[in-house]
Each structure stands twice: as structure tokens, then as C-alpha cells.
Amino acid sequence: MSHPLRENLEIYEDASGTGIRCARCFHVLCPATADWKGACVRKLAPPTKAGPLMADLVGHFLLERFCCPSCGVLFHSDFVDAALHPGKTTEGTVGPPGSGNQAVR
């Protein structure tokens, strides 16, 4: 049995318990009591990746995207303060531990 949590995410229940998984590929991210963002691949990019009208945000904000580590579907995106990521001016990826996507370029 499963219930939508948000677009492309669902809460499922089976014999092993309740968890959060990708609604597209059914990759299990975490138990229902945990923060699903910690199990995602996190991508940081210049704001212009969201479109050319975002050019005024360059140097002030970065586009942050949380994606499924299995199929890559987007779960969440937002703009974050660039000051929290000094030196980050090109696209890079930060993933969950052990994913091999730890470096931010």
C-alpha cells in the first residue's frame, strides 16, 4: 500500500515497515520517520539553469535540486543563498554517503 507524499515521492507500507520511496522507480530512500532529502542526490547549479531570466540572481543564489539516486527524477528544487556555498559557480553534485557524488565543483 502507498500514499503520495509529494510529486514523485510516496510513503509505502509493507511487511518490513513504512518508508519513503521514489514513485517513479520505487527506489527506497529511507524510513518514514527520517528526512528523505538526506538520501537524495543534491545538485547545485547557477540560477540561469532555471532559465535566462534568472541572470540577476547570479552571485547571490544557487539553484538546488534534490533527485532520486536511482532514476534521477526531480523531487524538489529551490534557490539557496550562494554565500552558504563559497566558490561554487559551476554545476556540481553532492550525493548521499557512498554514492560517489560527494564533490562540489
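The values are calculated or read from the model by the stated rules, or taken from the named source; none is laboratory data. Remember, it's a predicted structure, so these values are computed and weren't measured experimentally. Cβ sites come from the backbone with ideal geometry, for glycine too, and all protein chains shown count toward neighbours.
So if I check each of 29, 63, 9, 57, which one is closer than 24 Å to residue 87 by Cβ and buried (at least 18 other Cβ atoms within 10 Å of the Cβ)?
Going through 29, 63, 9, 57 in turn, the sole match is 63.
What residue, among those in segment 1-32 that are under 18 Å from the mean Cα position of the chain (by Cα) and of a type in the set (Val, Ile, Thr), is farthest from residue 91 (Cα to Cα)?
That would be 11.
Across segment 66-100, which residue is surrounded by the most Cβ atoms within 10 Å (Cβ to Cβ) among those that are assigned to a strand (DSSP E or B) and at pLDDT below 90?
Among those residues, the one meeting the criterion is 93.
Test residue 43 against the stated conditions and say whether it is assigned to a helix (DSSP H, G or I), among the basic types (Lys, Arg) and within 19 Å of the chain's Cα centre (by Cα).
No.
Every residue in segment 10-29 that is in a strand (DSSP E or B) and within 15 Å of residue 67 (Cβ to Cβ), please.
Of everything in segment 10-29, those that are in a strand (DSSP E or B) and within 15 Å of residue 67 (Cβ to Cβ) turn out to be 20, 21, 22, 29.
Out of 34, 103, I need the residue that is assigned to a loop (DSSP other than H, G, I, E, B), at pLDDT 95 or above and not acidic (Asp, Glu). Which one?
Matching residue, one of 34, 103: 34.
Report yes if residue 49 is touching a strand residue (DSSP E or B) at 6+ places or on another chain (Cβ under 8 Å), part of a helix (DSSP H, G or I), over 14 Å from residue 9 (Cβ atoms) and at pLDDT below 95, otherwise no.
yes
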